[in-house]
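Quick notes on the structure that follows.
Bear in mind that the values in this text are calculations on the coordinates, not laboratory data. Note that this is a predicted model, so its numbers are computed, not measured. Because the Cβ atoms are built from the backbone with ideal geometry, glycine has one as well, and the counts that use them run over all protein chains shown.
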Amino acid sequence: MEPLRQLAKDKLSGKRVYAVMSAKGGVGKSVISSLLALTIGNTTLIDLDIHTMAIPKLFGLEGKLHKVTKNGIEPFEVKTTKIVSLSGIVKDNYVILPGGNQSSIMESLIAYSHIDTNTVLFDLPPGLGDEILVLERITDFTPIVVTTPSKISKKVVGYLTRYLIERGKEPKILVNLAYIECGGKVVKPFGEYEGFGLPIDPNLEDYIGRIQDYEGIIKEKLKEFIKTIN
């Protein structure tokens, strides 16, 4: 095994690893990753979306750089969550990489980071790409697949769930924007769904840039969801 890959594998050895993913963009995956990490607590959240890096934007960490010590890249610390992102190396710049370099960047981010929590949660970019293959090579992970109830989202995400099942994984399905509570009734504006449903909370948008302060209904429902995956 290549030394870099082995180092990344060693960093995750013996840890509980979750990977939040979706074959469809725009389903709220990074928001859910952030709230899951905050809800679980004492978790290292690693942003593997190396092109657009939404996680720092959600936590208000734009423009901040990681410190580097003898232990490696030191995560940002927000409450009980430690955060690692390429944004902490390139600041608020976009990144364009040829396909062959993506895997090595992801492996390097893991291999050189200081990871001292027992739980690690990855936020993956949308699609079926290098990031899934990277994780498969270095760790055993629990896949958390995010979708919305829309027909197109369910169809596209179906490719990912089929792939995971064929690889011997049991994907945990989180359905974002599944329903809204109105006058004591549950309304499903986008139709029925299969999986663990998360409600629509119009107040969530006010917490972009300070997601760590959000304590609303979505976080309460995620506490229930966590019990199903532990």
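Read through the list (1) part of a loop (DSSP other than H, G, I, E, B); (2) free of Cβ contacts under 8 Å to residues at least 60 places away in the same chain, then give the number of the only condition that GLY209 fails.
Just one mismatch for GLY209, condition (2).
Check VAL134, VAL120 and return the single one that is crowded, with 16+ Cβ neighbours inside 10 Å and in a helix (DSSP H, G or I).
The unique qualifying residue is VAL134.
Would you list the helices (runs of 4 or more DSSP H) that sit entirely within segment 1-98 and hold 1 or more residues that are touching an Asp or Glu at 6+ places or on another chain (Cβ under 8 Å) and under 29 Å from ALA178 (Cα atoms)?
29-40, 54-59
Could you count how many residues in segment 49-89 are polar (S, T, N, Q), touching a Gly at 6+ places or on another chain (Cβ under 8 Å) and buried (at least 21 other Cβ atoms within 10 Å of the Cβ)?
Looking only at that region, the number is 1.
Give me a count of the residues in segment 37-48 that are surrounded by fewer than 24 Cβ atoms within 10 Å (Cβ to Cβ) and touching a residue at least 60 places away in the same chain (Cβ under 8 Å).
5
Here's a check for you: in segment 190-225, which residue that is within 13 Å of LEU38 (Cβ to Cβ), hydrophobic (A, V, I, L, M, F, W, C) and in contact with a Ser or Thr (Cβ under 8 Å, 6 or more places away or on another chain) is surrounded by the fewest Cβ atoms within 10 Å (Cβ to Cβ)?
LEU222
Here are some residues: LYS169, LYS219, LYS155, LYS223. Which one is assigned to a loop (DSSP other than H, G, I, E, B) and of a type in the set (Lys, Arg)?
The unique qualifying residue is LYS169.
Here is a check on your reading of the model: is THR148 polar (S, T, N, Q) and surrounded by fewer than 17 Cβ atoms within 10 Å (Cβ to Cβ)?
No.
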